[in-house]
Amino acid sequence: MIRLKIDDNEISVAEGTSVLMAARSLGIEIPTMCYHEGCNNQASCQVCLVKDKNTGRLFPSCEVKAVEGMDIVTGDQEVKAARKAAIELLLSDHVGDCEAPCRVACPAFMNIPVMNRLIAKGDFQGAIRIIKKEIAMPLVLGYICTAPCEKACHRKQVDSPVSICLLKRMVAREDINRSNPFKPDMKANSGKRIAVIGAGPAGLSCAYHLLSEGHCCVLFEKDGKAGGTLRGVHGDNLPEEILDKEIALIESYGAEICLNRRVTNEILDAEIKNNFDAVVLATGHEKEGSFSLQLSNSRKAGAVMVEPGVFACGSVVRPQKMAVKVMAQGKEVAHMVYQYLSGNQPTKRERPFNSRFGRLFTEEIVAYLQETGSDKQEVLTGCSEEFSLEEAMAEAQRCMHCDCRKPDSCKLRLYADEYQADRKKFQFGERKTITKYFQHQQVVFEPAKCIKCGLCLSITSQNGEPTGLSYSGRGFNVQVTVPFHQSLQEALKHSAKKCVEVCPTGALSFKEEG
Amino acid sequence: MDKETIDRVDQIIAEKGKSADQVIPVLQALQSEFNYLSGDVLKRVCQNTDITPARIQGVSTFYSRFRHKPVGKHIIKVCIGTACHVKGAGRIFEVFKRTLNIPEQEDTDADGLFTVEEVACLGCCAIAPVVQIDQVIYGLVESGKVADILDDFLSKENTTPDKEIRTLSEKGLPQGEIRIGLDSCCVAGGNLKVKEELDKVLQKSKINVAVKQVGCVGVCNQVPMMEIHKPGEDTVYYTRIKIHEVREIVQRHFKSVKLLDRVQNRFHHSVERYVFRDIPESARPFLADEVDSPIYEYNKGQVNIATEYLGKMMPSDIDEYKRFEGFEALKDCLTGRTPDEIIDELEVSGLRGRGGAGFPAAKKWRMVNRAASKTKYVICNGDEGDPGAFMDRMLLESFPFRVLEGMIIAAYAVGAGEGIFYIRSEYPLSVKRIREAIARCEQEGLLGENILGTSFSFKVKVFEGAGAFVCGEETALIASLEGRRGVPLMRPPYPAEKGLWNQPTLINNTETLSLVPWIMRNGAGRFNKIGTASSPGTKVFALAGKINRGGLIEVPMGITIRKIVEEIGGGIPNGKRFKAVLIGGPSGGCIPASMADTPIDYEALSGAGAMMGSGGLVVLDETDCMVDIARYFLAFTRDESCGKCTFCRIGTRRMLDLLDKISSGKGRPEDLDTLEQLAVNVKKSSLCGLGQTAPNPVLTTLRYFREEYEAHINGVCPAGKCKDLITYEITSDCIGCTNCVQRCPADAIISRPYQRHEIDPQKCIRCDVCKQICPENAVIIR
């Protein structure tokens, strides 16, 4: 047995045990990318670096065997900084979008490419589920949204962006006209009551998300009708019956709307605060604020807790023009309320780490178009026209699948998030060109996302693939290739599944998700 | 593929063997047969051997010597070794490509006549910059002479049967160089008059020779004197010359075709060192050991152990080697000492591995000796990759028996039955000499079964590298021998425990082994009295760059840098100021002139941020840009990284990106911190020695010349080297001769006969051609 110390814990391990395994047996987690149990792969990624106090040297824990007397540190400043540098170097040579640019541009972070793919398959019910995960009133937004998503769409470089906004409207229209429209999966009744002051876009959105968290929700509206600015500044492009329908839908989920109830500071203090577990102020932009709230130092956030149990969102915090942004803030504040009621400090949710590369090179457009339906569509714009089901499916097929196929299982993304890596830290010079290989029945290969860990090489070799995969070139230009320019189908005859599962990034992924 | 090709492939497989580990020798043979490796040929190999497609793909694309595209009829190799780089090799390469109209991504011209490539080092640092076209070597090349070289080569294309060192006559490339000291005491001694006469003679005879005025030659009592440097010839010194002797001396050296023929084959082992020879009767001859001669100066500080009997032995003559005490140590060891006694002796000598890191040799030997295994190997590491160093080549070529003797003693001491010389493929003569030496030793019973009648048996073979600097790292070297990509492995286990084919393996550098016979013959006590306490003995260096007397030197450890530069090397030419030395090549660093009193030993050099390395020592003067030097080395390590670990693969590239940014004037002050941090991380976290030392040139230049980096950030290259920060302009001295227009490879000058010309800065590639050929010196750099 070998005795050593890891983070000041004494441990004995069998000879030949790696430092990584020894640490794991103590419950100490060390990040790994190029290591996979059972693969005889050599250390390369260096995110598993640890330090031996005796020598002061850093080394990859996955490959170095425990030696008598080692005094290992797995997480001090130096080790963490080195790991972070390794991750940032890998990111500088990892070209791809974790999330599609459209989703990133969407203030509500709606998963647009997934919606598009469901529409393309004709799964409209699946599509509304994706939409309503993030957006309370998609039909309304289908008419009035300024669609920043479409401005970011990569397809714009080919011909014109995918008509995301109209697609969403079409899905929401189909849904609302059904006898049993979509209802979110409500959590069990929490027994908590929340007052939302103002039934404009922010308040309605907030209510929708509070309801799905299982809370009881009462909206206080100063006017005779709910809708706020949706009836005002946004009203020109939005048919009134559409707005009414979608408000009714929110009511059908259990929202109680008290009309003609102007809430003043006094009413708030005297009646509402005492009777509710939390209050959300969503009164919109008012020239002379009726609430004496200290909002000045939180104007940037858009969704804040102004005092314990009292929250604010939307234009009352800072004037907003975009309805989708206001609705996103309503959703955000609902989450903060949820955190508050669970006894936690409410914080703004950070979006997960996102690798992105900007514009496509001309030659990359070809690679991206491989994933689209071939027919170019007559593009519909504005709100005067509607997609038919068939048109919508064809339009959705124009989507180029810019999002990564492994957004949740990519280890590089996971650790980039954990180590708060700066993706631009080492991005100098020209980036690599993206290519995508689709010849394999189940697998897509995107070399620009590869971190050259070699796991797929050892898997193909261990599984006796006659062709398999190999490295080509050396140094910075090393690549994983199929020998003799053969197809991936030839290379991965019976180890495709294993390779995809073990690949730590989205370089190897399944064509069909899930 | 035609039947003939298939048969030839099969024949090569039959000769080289079918096992997977034979992949490199098979590929080498295929390439020398077909000039390149086509997909069809490689597929055939996979069908008929145990070599898998994945292996052949991985290996054939890893080593830089393997080509996958057909090449031109002639191959132009532009040496970009350190010594050539500091003398402008980079622009020479570019001018060749431009002149031949080769697009940026390509390497061969449209007619398939020439392929142009950069090579790491041709080992001809003393006549840098060097270009080799097929078997013809051109020395002292300038970018302005590229067109002349191509004309010359093509005009003699069919008359060149064998290897040749060629210079251009009449116009174009100088045939050689005459150095003449012209500082105050030389002038007082009459050198100025000699110089005037020399100019007259040269002009009259139309002989094209570069005349270089050097500073003090250190032998003031011998003036007037001249040094004649010619590619392919040993340097000759003439002292106390009389005016009427000048003509004779010039004609003797620069007319005789016979002389040229005579020196052809000696080229590879003679250009880099000075030997005293070929003195015309009328001038006073030197003797090499004559006190106060420059030769004496050059040799005075040196101690020859690895290079013992330098210049006195025919390399391939075993009898001569024996006459000079050769194989005496071997006899003594095999018949009179136990392996432990030999290792004890080595331990007392304090010998440290000369490959770079300085690991105690005896410790390594003992590890292999103690390892319990029937099969053990000894490997001589001759994969010298430092661009600007040629110690191993010179030792292998000039002292093949000595290296071999050292290896046999080592094998006996550790109990190895098989030895391998791993020699860089760029050194064909080394391979040849070692093969000859092995054959001779086998005939003499010094190799094979029962050597010298003892029970010890040992056989040796040669393995040619395929072009990968990283294979100098011992685990990568082993990977290469086993037919894999030259990717280093984590140590431990050390090769001494688990090396080639998992057997205990002793890997020693060429120089280390060549020191062994002397130590055994003269005793450890004599060896460890030379040098310093922590670094005993001598070290061989390739002294090159901006130095009056460059060459291969062997000096005692502990000697100061100043002594090497000023006394042995004779100082900096052309009256320039000594700026720094680069020591240890791409793994080492720079040491500024202000620290010239640093002694040469492992610890002192590491302390200064440099490294002993294998022994490259390049001297820089005030015209060298330190950012450019850091960039040069980083470009080398970036290309030579195996590509396995993140820090080396991507880190070296990102450091280079930053240096590119800085040297193009686009850097920002914070880039220096990013660069430094990254360099520290790469040094700390890389898996093998290559990555761990690659940042040294950056870190040391940042440490000693940070103000130069800052100047670049402010848009100024103080040395006027960095292309993006300088412009070429034509002054009013221009007479409108149009020479520059005709020669400009970038068409950046518009023809305006008899008027002042102008350079288009957008088109100009800063190749320096116009400046070199302008008869009026009207081209200036701003």
Provide A:HIS285, B:HIS68 ordered by accessible surface of protein heavy atoms (probe 1.4 Å), highest first. A:HIS285, B:HIS68
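What does the net charge come to around B:LEU113 if you take all other residues with beta carbon closer than 12 Å to its beta carbon, with K and R at +1 and D and E at -1? Before the final figure, lay out each step's value.
Numbers: positive: B:LYS73; negative: B:ASP109, B:ASP111, B:ASP134, B:GLU157.
Residues near B:LEU113 contribute -3 overall.
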Starting from the amide H of A:ILE197, placed 1.01 Å from N in the peptide plane, find each other amide H under 5 Å away whose residue is 5 or more places distant or on another chain. A:PHE220, A:VAL280, A:LEU281, A:ALA282
Roughly how crowded by other chains is peptide B:54-65, in terms of the mean Cβ count from those chains within 10 Å of each of its Cβ atoms? 5
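Could you sort A:MET170, B:MET595, B:MET314 by their accessible area in this structure, using a 1.4 Å probe and putting the largest first? Mind showing how you got there, number by number?
Values: A:MET170 0, B:MET595 55, B:MET314 125 Å².
From most exposed to least exposed: B:MET314, B:MET595, A:MET170.
At 1.4 Å probe size, with every protein chain present, just tell me what the per residue accessible area of chain A comes to in Å².
On the way: 22150 Å² over 514 residues.
Spelled out: the 1.4 Å probe surface of chain A, per residue, equals 43 Å².
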If you build the Cα gyration tensor of chain B and take the root of 5 times each eigenvalue, what three semi-axes come out, in whole angstrom, biggest first? 41, 32, 28
Between the residues B:ALA596, B:SER316, A:ALA496, the Cα farthest towards the positive end of the dipole of the protein assembly as shown, that dipole coming from +1 and -1 charges on the beta-carbon of Lys, Arg, Asp and Glu, is from B:ALA596
Where does the charge balance sit around A:ALA105 when Lys and Arg score +1, Asp and Glu -1, over other residues with C-beta under 9 Å from its C-beta? +1
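Return the equivalent ellipsoid semi-axes of chain A as a descending list in whole Å, where each equals the square root of 5 times an eigenvalue of the C-alpha gyration tensor. Walk me through the intermediate numbers first.
Details: eigenvalues 445, 200, 67 Å².
For chain A, the ellipsoid semi-axes come out as 47, 32, 18 Å.
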Using Stokes-Einstein with the Kirkwood hydrodynamic radius over Cα pairs, what translational diffusion coefficient do you get for the protein assembly as shown at 20 °C and a viscosity of 1.002 mPa s, in µm²/s rounded to a whole number? 60
Provide the net charge surrounding B:PRO488, with neighbours chosen by a C-beta distance below 9 Å and charges set as Lys +1, Arg +1, Asp -1, Glu -1. 0
When the Karplus curve 6.51 cos²θ - 1.76 cosθ + 1.60 is applied with θ = phi - 60°, which whole-Hz ³J(HN,Hα) does each residue of the range B:386-391 get, with x for Gly and Pro? 4, x, x, 9, 8, 5
Hey, got the dipole for chain B? About the Cα centre, +1 on K and R Cβ, -1 on D and E Cβ, debye to the nearest 20? 420
Links that overshoot a 24 Å alpha carbon limit, given the list A:LYS436/B:LYS684; A:LYS432/B:LYS77; B:LYS73/B:LYS97; A:LYS133/A:LYS425; A:LYS449/A:LYS497; B:LYS97/B:LYS763: A:LYS436/B:LYS684; A:LYS432/B:LYS77; A:LYS133/A:LYS425
Overall dimensions of the range B:655-733 by Cα: Rg and Dmax, Å: 15.0, 57
Over the range B:1-102, with every protein chain in place, what whole percent of the accessible area is carbon and sulfur at 1.4 Å, could you tell me? 45
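For the range A:302-443, what % of the accessible area comes from carbon and sulfur atoms, probe 1.4 Å?
Numbers: 3430 of 7240 Å².
On the range A:302-443, the fraction of accessible area on carbon and sulfur atoms equals 47 percent.
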Let me check something: with ligands and nucleic acids excluded, how do B:LYS432, A:LYS132 order by accessible area (1.4 Å probe), largest to smallest? B:LYS432, A:LYS132
Distance in nm between pseudo-label sites at A:LYS273 and A:ASN177 (7 Å out along the Cβ direction from Cα): 4.9
Among A:ALA66, A:ASN189, B:GLN755, whose Cα lies farthest out toward the positive end of the dipole of the protein assembly as shown, if unit charges sit on the beta carbon of Lys, Arg (+1) and Asp, Glu (-1)? A:ASN189
Name the GluC sites (Glu not before Pro) in the range B:469-559 that are in a loop by DSSP and that have at most 16 other C-beta atoms within 10 Å, would you? B:GLU482
Per-residue SASA entry for B:THR623, accessible area with 1.4 Å probe, Å² rounded to 10: 40
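So what is Rg over Rh here for the range B:303-439, counting just Cα atoms and using Kirkwood for Rh?
Values: Rg = 15.0 Å, Rh = 15.8 Å.
My calculation puts Rg/Rh at 0.95.
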Crossing angle, helix B:646-663 versus chain B [Cα axis fit, 0-90 degrees, rounded to tens]: 10
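For the range B:1-88, which trypsin sites (Lys or Arg not before Pro) pass both filters: DSSP loop (anything but H, G, I, E, B) and at most 14 other C-beta atoms within 10 Å? All intermediate terms of the calculation are to be shown ahead of the outcome.
Numbers: sites: B:LYS3, B:ARG8, B:LYS16, B:LYS18, B:LYS43, B:ARG44, B:ARG55, B:ARG65, B:ARG67, B:LYS73, B:LYS77, B:LYS87; in loops: B:LYS18, B:ARG65, B:ARG67, B:LYS73, B:LYS87.
Within the range B:1-88, the qualifying trypsin sites (Lys or Arg not before Pro) (loop, at most 14 other Cβ atoms within 10 Å) are B:LYS18, B:LYS73.
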Express in Å², to the nearest 10, the accessible area of B:PHE153 obtained by rolling a 1.4 Å probe over the protein heavy atoms while all chains stay in place. 10
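Within the range A:387-446, which GluC sites (Glu not before Pro) sit in a loop by DSSP and count at most 12 neighbouring Cβ atoms inside 10 Å?
Values: sites: A:GLU390, A:GLU391, A:GLU395, A:GLU418, A:GLU430; in loops: A:GLU430.
Passing sites in the range A:387-446 are A:GLU430.
Output the pairs from B:LYS200/B:LYS576; B:LYS539/B:LYS683; A:LYS424/B:LYS579; B:LYS16/B:LYS683; A:LYS80/B:LYS661; B:LYS145/B:LYS576 with a Cα-Cα distance over 30 Å in this structure; if there are none, say none.
Numbers: B:LYS200/B:LYS576 27 Å; B:LYS539/B:LYS683 26 Å; A:LYS424/B:LYS579 37 Å; B:LYS16/B:LYS683 40 Å; A:LYS80/B:LYS661 28 Å; B:LYS145/B:LYS576 25 Å.
In this structure, A:LYS424/B:LYS579; B:LYS16/B:LYS683 exceed 30 Å between Cα atoms.
Rg(Cα) of the range B:584-675 divided by 2.2 N^0.38 Å?
On the way: Rg = 14.4 Å, N = 92, 2.2 N^0.38 = 12.3 Å.
Normalised by 2.2 N^0.38 Å, the Cα Rg of the range B:584-675 equals 1.18.
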Charge dipole of the protein assembly as shown built from unit charges on the beta carbon (Lys, Arg +1; Asp, Glu -1), centred at mean Cα; most positive-end Cα among B:GLY358, B:THR338, A:ASN275 is A:ASN275
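The values are calculated or read from the model by the stated rules, or taken from the named source; none is laboratory data. Because the structure is a prediction, the values reported are computed rather than measured. Note that we place each Cβ from the backbone using ideal geometry, even for glycine, and neighbour counts take in every protein chain shown. Heads up: the accessible areas ignore ligands, DNA and RNA and are worked out on the full protein's heavy atoms, side chains in. Shrake-Rupley method; radii C 1.70, N 1.55, O 1.52, S 1.80 Å.
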